Amino acid sequence: MDIVLKGGTVATAKDIYRADVGIQGGLVVAMGQDLQGDRVLDATDKYVLPGAVDPHTHLELEFMDTVSSDDFYTGTVAAACGGTTTIIDYAEQTKGETLGQAVDAWRAKADPKVVIDYGLHVSVTDVRGDILAEMEDIVREGVTSFKCYLAYAERLRDDELLQVLIRARDIGALVNVHCENGWLVDLMTKKLLAEGKTGPRWHPRSRPAAFEEEATQRAVTLASIAQAPLYVVHLTCAGALDATRQARDAGKPVLVETCPQYLLLDIERYDEPDFDGAKYVLSPPLRERDNLEVLWSGLAVGDVDTIGTDHCPFNLVGQKDLGRDDFTRIPNGMPTVETRAPLLYHEGVNSGRIGLQRFVELVATAPAKLFGLFPNKGTIAVGSDADLVIWDPSKEMPLTKENLHMNVDYSPYEQVTVRGYPELVLARGEVIVQDNRFVGQRGAGRFLNRRPFSLS
Ligand code: URP
Ligand code: ZN
């Protein structure tokens, strides 16, 4: 065997057990005791985890008069340093464009730069007959999930979303929906600006939880009418979780993603001095504190399926400050791709809110299963890709800007030190991160042809 990870404790969503892991040709080829290999990597007193799978990123995204500050190189380096070995990014269709053109544009940006494997979703922003027909070709290319916005200028009407859901159902695709009522956001925004309320603290007040709850309920209803599966992205609040829980209790295939920022940060961040509240301007926004414990409970009992990041970073200087005099011009998004697994481990596993297996399920196994990548990704088994993390449960890491690799001029977690961090990260059998240093290769990642959606 090329490499053996020796003496570690393997943790998957199903089991935790002592085993060596043998790697050859980029795959896991053996698991057991006393394995021998050309190169031995010591995992004594460490966990061996499947590389995490981030189902929600926005790298090099042209958005709100600027471009998200991580490109496919810096963003995937940062992901890897935080233990993520697969991302699924959103290719965005612009009006007039075909879905194929959007996917091609994203692949042209990503392929030469990615350091880990990646897949794509594609956002449908221009619903026409030819686009609905084209969805099937896109699924054949391995892009088996589509996003629809109910917020922003790109938002769809109900009849448009219904058509996308019906078409997706027929071709084995999953529809991911950004649930905020964009019409109500526009109305509330106009009112606030007319009252001279222009600072970052008005961003969350322009799009309150009720607007998300209404849009979530509507998406759930439309998916039910279409008899289609639905994946709600970045759910933030108790009311929206209730809407999805009721549908699930009635047996509907409604899947739920949340993100660490909604579990850990609250609306008070927008009151930070100077213009610092802009660091947290993203959509949906951070919520009132009582929602956070509701989301944690949802994670623990299984009402939430995945943890994504919605990574979409913008620098404070030169990007966020475009909206210094008008919160509607602050580019929406936060740097999150590197800190997802460490934060969830620290705040979830160390604090006893979730167990280690549930942690692995949320950050790796469930996203891989829902998005057609399992068992190549998201678990450790003979035949799986050797995307592996030697995780040191006692390693402490302050999440300062200096310690992180994301290409952005601040860390939202500057004051936080986590315990539990990757020591070594392997992607298809190659060591790409060692002690928080990237040692892999630009362009070594591959585009992943994902399988159609299935709940089994
Ligand atoms: O604020 C956010 N979330 N920016 C990225 C685009 C989106 O809405 O997902
Ligand atoms: Zn997003």
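The values are calculated or read from the model by the stated rules, or taken from the named source; none is laboratory data. Keep in mind the model is a prediction, meaning the values are calculated, not measured. Cβ placement follows ideal geometry from the backbone for every residue including glycine, while neighbour counts extend to all protein chains displayed. To get the accessible areas, we keep the full protein, side chains included, count just its heavy atoms, and leave off ligands, DNA and RNA. Shrake-Rupley method; radii C 1.70, N 1.55, O 1.52, S 1.80 Å.
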| request: Restricting attention to region 252-278, report how many residues are open to solvent by 70 Å² or more (accessible area, probe 1.4 Å) and closer than 19 Å to Ile225 by Cβ. | output: 1
| said: Between Val77, Val115, Val124, which is touching a Cys at 6+ places or on another chain (Cβ under 7 Å) and either more than 16 Å from ligand 2 (Cβ to nearest atom) or of a type in the set (Val, Ile, Thr) (or both)? | reply: Val124
| message | Which condition from (1) in contact with a helix residue (DSSP H, G or I) (Cβ under 7 Å, 6 or more places away or on another chain); (2) touching a residue at least 24 places away in the same chain (Cβ under 8 Å); (3) over 19 Å from Phe438 (Cβ atoms) is the one that Ile380 breaks? | response | (1)
| field | Search result, residues across region 99-141 that are in contact (Cβ under 8 Å) with a residue 12 or more places away in the chain and assigned to a loop (DSSP other than H, G, I, E, B) | value | Asp111, Pro112, Lys113, Val114, Val115, Ile116, Val124, Thr125, Asp126, Val127, Glu141
| remark: Of the residues in region 179-190 that are within 16 Å of ligand 2 (Cβ to nearest atom) and without any contact (Cβ under 8 Å) to a residue 60 or more places away in the chain, the one that is farthest from the chain's Cα centre (by Cα) is Val185
| query | Do we have any residue at all in region 280-288 that's open to solvent by 10 Å² or more (accessible area, probe 1.4 Å) and either free of Cβ contacts under 8 Å to residues at least 40 places away in the same chain or hydrophobic (A, V, I, L, M, F, W, C) (or both)? | reply | no
| task | Specify which of the listed residues (Val67, Val77, Val103, Val124) is surrounded by fewer than 17 Cβ atoms within 10 Å (Cβ to Cβ) and either modelled with pLDDT of 95 or more or under 19 Å from the mean Cα position of the chain (by Cα) (or both). | result | Val67
| Breaking point among (1) within 27 Å of Val29 (Cβ to Cβ); (2) buried (at least 24 other Cβ atoms within 10 Å of the Cβ); (3) under 20 Å from the mean Cα position of the chain (by Cα), for Phe374 | (2)
| query | Wholly within region 201-283, which helices (runs of 4 or more DSSP H) include no fewer than the required count, namely at least 2 residues that are of a type outside the set (Val, Ile, Thr) and within 21 Å of the chain's Cα centre (by Cα)? | reply | 209-226, 238-249, 260-264
| query | Would you pick out the residues in region 311-345 that are in a loop (DSSP other than H, G, I, E, B), within 16 Å of ligand 2 (Cβ to nearest atom) and not β-branched (Val, Ile, Thr)? | reply | Cys312, Pro313, Phe314, Pro331, Asn332, Gly333, Pro335
| remark: Counting only residues that are part of a loop (DSSP other than H, G, I, E, B), more than 16 Å from ligand 1 (Cβ to nearest atom) and either open to solvent by 10 Å² or more (accessible area, probe 1.4 Å) or modelled with pLDDT under 95 (or both), region 289-310 contains a total of 4
| query | Of all residues in region 381-437, how many are open to solvent by 50 Å² or more (accessible area, probe 1.4 Å), part of a strand (DSSP E or B) and in contact with a Leu (Cβ under 9 Å, 6 or more places away or on another chain)? | reply | 2
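To keep it simple, each residue is scored yes or no on (1) basic (Lys, Arg); (2) open to solvent by 10 Å² or more (accessible area, probe 1.4 Å); (3) within 16 Å of ligand 1 (Cβ to nearest atom).
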{"position": "Val220", "(1), (2), (3)": "no, yes, no"}
{"position": "Ala228", "(1), (2), (3)": "no, no, no"}
{"position": "Val233", "(1), (2), (3)": "no, no, yes"}
{"position": "Ala238", "(1), (2), (3)": "no, yes, no"}
{"position": "Arg245", "(1), (2), (3)": "yes, yes, no"}
{"position": "Ala250", "(1), (2), (3)": "no, yes, no"}
| request: Would you be able to say whether some residue in region 338-348 is at pLDDT 95 or above, within 20 Å of Tyr421 (Cβ to Cβ) and open to solvent by 20 Å² or more (accessible area, probe 1.4 Å)? | output: yes
| message | Given (1) part of a loop (DSSP other than H, G, I, E, B); (2) of a type in the set (Lys, Arg); (3) without any contact (Cβ under 8 Å) to a residue 40 or more places away in the chain, identify the lone condition not met by Lys369. | response | (1)
| query | Quick one: in region 24-63, which of the residues that are in contact with a Ser or Thr (Cβ under 9 Å, 6 or more places away or on another chain) and assigned to a loop (DSSP other than H, G, I, E, B) is most open to solvent (accessible area, probe 1.4 Å)? | reply | Asp45
| said: Residue pairs, Cβ under 8 Å, 6 or more apart or interchain, first in region 191-220 and within 23 Å of Pro331 (Cβ to Cβ), second part of a helix (DSSP H, G or I) and at pLDDT below 95. List them. | reply: none
| Subset of region 85-109 [within 16 Å of ligand 2 (Cβ to nearest atom) and either within 18 Å of Leu448 (Cα to Cα) or of a type in the set (Gly, Ala, Ser) (or both)] | Ile87, Ile88, Asp89, Tyr90, Ala91, Glu92, Ala102, Trp106
| query | Which ones in region 142-168 are in a loop (DSSP other than H, G, I, E, B), away from ligand 1 (no atom under 16 Å from the Cβ) and charged (D, E, K, R)? | reply | Arg157
